[in-house]
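I have placed the structure first, in the form of structure tokens, so that the comments after it can refer back to it.
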Amino acid sequence: MAWVSLILAGLFEMFGVAMINKMHKDRNWQSLALLIAGFGASFLFLAYAMKTLPMGTTYAIWTGIGASGGAILGMYLYGESKDWRRIFFIAMVLGAAIGLKLIS
């Protein structure tokens, strides 16, 4: 259950990052509420996962999901560069997260 919680934490982190961009565009209370809810849920699920999983592994995977997911969202939702080198390095981040899962 801790791994599911960690993945959910990463997904909510991605949502929170997307809401930062929405907040810059809209500047309304709904965007702020969604931003706070996204990061709040992310931290709650992260805290739950850290009760069972090692802190270093948990944080690295949560950060990897959030960073790579944010970059992927930027490419698909906001027209950011889809250069093959960028995709390669995102894949490296995800590969490292999977590697940590395999050895934990």
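For this structure, a couple of remarks:
- In this structure, G38 does not qualify as in contact with a Leu (Cβ under 8 Å, 6 or more places away or on another chain), closer than 14 Å to L11 by Cβ, of a type outside the set (K, R) and surrounded by 12 or more Cβ atoms within 10 Å (Cβ to Cβ).
- Filter result (within 28 Å of M55 (Cβ to Cβ) and either surrounded by fewer than 17 Cβ atoms within 10 Å (Cβ to Cβ) or more than 13 Å from the chain's Cα centre (by Cα) (or both)) within the stretch 12-33: I20
- E13 being outside any helix (DSSP H, G or I), out of contact with any Lys or Arg (no Cβ under 7 Å at 6 or more places or on another chain) and not hydrophobic (A, V, I, L, M, F, W, C): no
- You will find that of I36, I65, the residue that is modelled with pLDDT of 95 or more, part of a helix (DSSP H, G or I) and among the β-branched types (V, I, T) is I36 and no other.
- The stretch 43-68 residues that are under 9 Å from A97 (Cβ atoms), paired with ones that are of a type in the set (V, I, T) (beta carbon under 6 Å, 6 or more apart): G64/V93; S68/I90; S68/V93
- Being touching a Gly at 6+ places or on another chain (Cβ under 8 Å) and of a type in the set (G, A, S) holds for only one residue in A18, A33, A60, and it is A18.
- Among the residues of the stretch 52-104, the one identified as farther than 16 Å from V4 by Cβ, in contact with a helix residue (DSSP H, G or I) (Cβ under 6 Å, 6 or more places away or on another chain) and hydroxyl-bearing (S, T, Y) is S68.
- In the set (1) touching a helix residue (DSSP H, G or I) at 6+ places or on another chain (Cβ under 6 Å); (2) under 16 Å from E13 (Cβ atoms), A47 fails one condition alone, (1).
- Condition broken by T58, with the remaining ones in (1) polar (S, T, N, Q); (2) exposed (fewer than 14 other Cβ atoms within 10 Å of the Cβ); (3) in a helix (DSSP H, G or I) satisfied: (2)
- Scan of the stretch 75-95 for residues that are touching a residue at least 24 places away in the same chain (Cβ under 8 Å) and surrounded by 14 or more Cβ atoms within 10 Å (Cβ to Cβ), ordered by number: V93, L94
The values are calculated or read from the model by the stated rules, or taken from the named source; none is laboratory data. Since this is a predicted model, take the numbers as computed values, not measurements. Every residue, glycine as well, gets a Cβ built from its backbone with ideal geometry; the counts of neighbours run over all protein chains shown.
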